[in-house]
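A quick write-up on the structure given underneath.
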Amino acid sequence: MSYIELYKKGILEDIKNKLLQQLKSCRLCPRQCKVNREDNQLGFCKTGRFAKVDSFFLHFGEEPELVGRGGSGTIFFSNCNLGCIYCQNYTISHFGEGKVVYPKELAEIMLNLQKRGAENINFVTPTHILPQILEALVIAIEGGLVLPLVYNCGGYESGEILSLIKGVFDIYMPDIKYSYNTIGLRLSSVPDYWDKVKEAVIKMHNDVGDLVIEKGVAKKGLLVRHLVLPNRLAGSFAVLDFIKENISSCTYVNIMDQYHPCYKAGEIFELTRRINKEEYLEVVSYAKRIGLYRGF
């Protein structure tokens, strides 16, 4: 694992320290809240000095290539840097359910999941707590952690931070939610989502490349998720065009069909129903037509 090599060279410690410095005036994501999280001031993500974890377990409902035989060692972090009004996990992302964990505890969670047979360590919503993850990762490596690390995020990432953490994560798994900034503002409270997610995913791919699968299990690379929304609200065709033209035709794309109205989705007329079969199949058909072939 490349993060182990970074640790041996002392580079991981340097990355950790630079990320911790960010907490004094937080610029970990494009929101640039600049609050002093070291002093427990709260910005949009409502997270202070230490991470909060809602749950951790062996997840068998992820993509088959992540699950393998042992399951994906999934850690659900509380809060989020997005404000999606239809979030299925809104009690975690919006209401902050979970408990504070300190670095040693988080490291023990990673090692516990490894001991139980996890194929990887899957960090769900890691964007706003990268410093805390790196603090724990150093401890976990010293405790024997050797699994691939999965960065499972909403796609609203800082290019500067992604450059800083190059080589730390083995698998990037971003959502690409929308292909319109206006929809990102309307549904997720971010004015520049499409601009930032494109920059982020290009950087992720430059770091880890296309998804590498060995004996049915993902080891390294990029895996993109895209949730189809009703009434073509997500701009799915443009998302797929971007992947094909700017990332790679070999990109593994999970086109997801599980949207259902949650949280405040009822406030948006176009979101008040599930997607239908035709809406989903037209996106899959379009992906095939433009030459994408992995995932779906």
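Among the residues of segment 44-74, the ones that are hydrophobic (A, V, I, L, M, F, W, C), touching a strand residue (DSSP E or B) at 6+ places or on another chain (Cβ under 8 Å) and farther than 30 Å from E214 by Cβ come to 2 in all. Identify the residue in segment 275-293 that is over 22 Å from I202 (Cβ atoms) and in contact with a helix residue (DSSP H, G or I) (Cβ under 7 Å, 6 or more places away or on another chain) and, among all such residues, is surrounded by the most Cβ atoms within 10 Å (Cβ to Cβ). Among those residues, the one meeting the criterion is I275. For S188, state whether it is buried (at least 18 other Cβ atoms within 10 Å of the Cβ), over 20 Å from N254 (Cα atoms) and of a type in the set (G, A, S). In short, yes.
Filtered by the rule that a residue be free of Cβ contacts under 8 Å to residues at least 40 places away in the same chain, in a helix (DSSP H, G or I) and of a type in the set (K, R), segment 1-17 gives a lone residue, K8. Exactly one residue among E142, E108, E135 is surrounded by 20 or more Cβ atoms within 10 Å (Cβ to Cβ) and of a type in the set (D, E, K, R), and that residue is E135. Among residues of segment 82-116 being within 20 Å of the chain's Cα centre (by Cα) and hydroxyl-bearing (S, T, Y), the one that is farthest from L42 (Cα to Cα) is Y86. Looking across segment 256-271 at every residue that is surrounded by 14 or more Cβ atoms within 10 Å (Cβ to Cβ) and not in a helix (DSSP H, G or I), the one that is farthest from the chain's Cα centre (by Cα) is identified as I268.
Here's the yes/no breakdown for (1) under 22 Å from L187 (Cα atoms); (2) of a type in the set (D, E, K, R):
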{"residue": "K215", "(1), (2)": "no, yes"}
{"residue": "A218", "(1), (2)": "no, no"}
{"residue": "G235", "(1), (2)": "yes, no"}
{"residue": "N246", "(1), (2)": "no, no"}
{"residue": "C250", "(1), (2)": "no, no"}
{"residue": "G266", "(1), (2)": "yes, no"}
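Taking interchain pairs and intrachain pairs at least six residues apart, which have beta carbon atoms under 8 angstrom, with the first residue in segment 152-177 and more than 26 Å from F296 (Cβ to Cβ) and the second among the hydroxyl-bearing types (S, T, Y) and surrounded by fewer than 22 Cβ atoms within 10 Å (Cβ to Cβ)? These pairs meet every condition: G167/S2; V168/S2.
Here L20 meets the list (1) without any contact (Cβ under 8 Å) to a residue 24 or more places away in the chain; (2) not in a loop (DSSP other than H, G, I, E, B) almost entirely, failing just condition (1). Given the structure, is F95 at negative phi and free of Cβ contacts under 8 Å to residues at least 12 places away in the same chain? Criteria met by F95. Considering only residues of segment 50-77 that are in a loop (DSSP other than H, G, I, E, B) and in contact (Cβ under 8 Å) with a residue 40 or more places away in the chain, which is surrounded by the fewest Cβ atoms within 10 Å (Cβ to Cβ)? The extreme case among them is R69. Residues in segment 29-49 include at least one that is of a type in the set (S, T, Y) and either surrounded by 16 or more Cβ atoms within 10 Å (Cβ to Cβ) or in contact (Cβ under 8 Å) with a residue 24 or more places away in the chain (or both). Within segment 75-98, is even one residue in contact with a strand residue (DSSP E or B) (Cβ under 6 Å, 6 or more places away or on another chain), of a type in the set (A, V, I, L, M, F, W, C) and within 17 Å of L145 (Cβ to Cβ)? Checking segment 75-98: at least one residue is in contact with a strand residue (DSSP E or B) (Cβ under 6 Å, 6 or more places away or on another chain), of a type in the set (A, V, I, L, M, F, W, C) and within 17 Å of L145 (Cβ to Cβ).
Laboratory data are not the source of any read-out in this text; all were calculated from the coordinates shown. Keep in mind that what you see is a predicted model, and the values were worked out from it rather than measured. Note that each Cβ is placed from the backbone with ideal geometry, even for glycine, and that neighbours are counted across all protein chains shown.
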